[in-house]
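Below: the structure, in structure tokens.
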Amino acid sequence: MFIPPGFDQGSIVTSLGRMVYYTNRPEFWQGGPSETGDRLTQPTLLFLHGFGGGSSAYEWSKVYPAFASDYRILAPDLIGWGRSEHPERNYQIEDYLSTLTEFIQQTCPEPVVAIASSLTAAFTIRVAIAHPEFFKSLILTTPSGLSDFGENYSSSFFAQLVKTPFLDQLLYRTGIATEGGIRGFLQSRQFANPDLIYPEIVQAYLQSALEPNGEYAALSFVRGDLCFDLSRDIPQLTTPTAFIWGRQSQFTGPELGKRLASLNPSAIREFIQLEMVGLTPQLEVPAVTIGLIRRFLVELTERSPESAQS
């Protein structure tokens, strides 16, 4: 599994098993040894990957090193993905809400900035509603519950197909967890420009997809077991938030994002649409994504109620 230079692997134990995460080495990025206490005084950026065939923290690995000199970086593989444990279960929404909560409680003594993608970004909104004390701000790429405004993803043809016993495992082994399946998913679902999909990306996703029991989380996602209507929750959000949305994002275009943002303009303070970009700008245009994150780290902090009172 690809880990950028200057980063180490750690882990915590959640109620569903061991969750692996990647974090920056202080001596590499700050130019000398650093005590653990000094490390924890750095503000934390928490990078959370989305879901799809072979997803993992690799999704943010072209972005988070740019912040490693100034921030404590945490980039976990969520349960069922990457190097984290893969329990044999039909995953449900509550599994990810609870393990995300546990991860933050165990690793983040102070409020964090969460930078999250797609369905996981929608889960992060729900965690922020339940625990606003966890977060300084949210920077989210294409957040969607995939059943927003009454749409029912789980009734789609492919979702119904994957609900067929035995056929689901066959589809995963032959159609998802192969080099061709991964490349096809990236081309059709994630990238607007397929020329930007290079071999390392395909191999990183393939390695994650081939982890033992890797099919359980992926099939739960494809079946629609993890989908929900984010539009019902988003009015309750109070954490300062920015949306980044690829214009060519499949199934969740910017019109959806603008509708969601319009439900809570007091919390969702920025909406940026990127032309000729798909679902994962962090992989397709990482330099642009880095620049926008830097902008939002300043703007969301300066405009937060806490800053206004200080």
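Listed values, structure above:
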read-out	value
Charge dipole (debye, nearest 20) of the chain; +1 at Cβ of Lys and Arg, -1 at Cβ of Asp and Glu	380 debye
Separation in nanometres of the label points that stand 7 Å from Cα toward Cβ, at residue 298 and residue 131	3.1 nm
Value of relative contact order over the chain, rounded to a whole percent, pairs C-alpha under 8 Å and six or more apart	20 percent
Expected 222 nm ellipticity per residue - DSSP helices of 4 or more, -39500 (n - 2.57), all of the chain, to 500	-10000 deg cm²/dmol
Gain on full stretching of the segment that runs from residue 170 to residue 69 - 0.36 nm per residue minus C-alpha separation	31.9 nm
Surface accessible to a 1.4 Å probe, per residue, for the residues of the chain, Å²	40 Å²
Carbon/sulfur fraction of accessible area - the chain, other protein chains in place, 1.4 Å, %	53 percent
From phi via Karplus (6.51, -1.76, 1.60), per-residue ³J(HN,Hα) for region 11-26 in Hz, x at Gly/Pro	7, 10, 10, 9, 5, 10, x, 6, 10, 8, 9, 10, 8, 6, 8, x
Karplus (6.51, -1.76, 1.60) ³J(HN,Hα), θ = phi - 60°, over region 225-239, in Hz, Gly and Pro reported as x	5, 9, 7, 7, 9, 5, 4, 6, 9, 4, x, 8, 5, 10, 6
Highest-fluctuation residue, 63, 288, 222 considered, GNM on the chain with Cα pairs under 10 Å	288
Cut-off 19 Å (backbone N to label point 7 Å along Cα→Cβ of residue 276), residues of region 241-257	245-250, 254
Range of Cα positions in the chain per principal axis (Å), largest first	57, 43, 40
For region 1-126, convex hull of alpha carbons as volume per residue, Å³	100 Å³
Exposure ranking of 49, 131, 86 by accessible area [1.4 Å probe, largest first]	131, 86, 49
Stretchable slack from residue 178 to residue 236, in nm (0.36 nm times residue separation minus alpha-carbon distance)	16.8 nm
Under Karplus coefficients 6.51, -1.76 and 1.60, residue-wise ³J(HN,Hα) of region 173-187 in Hz, glycine/proline x	5, 9, x, 10, 8, 9, 4, x, x, 5, 4, x, 5, 4, 5
Sites residue 152 and residue 203 - FRET efficiency at Förster radius 35 Å, r taken between beta-carbons, to 0.05	0.50
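The values are calculated or read from the model by the stated rules, or taken from the named source; none is laboratory data. A quick note: this is a predicted structure, and the numbers were derived from the prediction, not measured. In this analysis, Cβ positions are derived from the backbone assuming ideal geometry, glycine residues included, and neighbour counts consider all displayed protein chains. Surface areas here come from the heavy atoms of the whole protein model, side chains and all, with no ligands, DNA or RNA. Shrake-Rupley method; radii C 1.70, N 1.55, O 1.52, S 1.80 Å.
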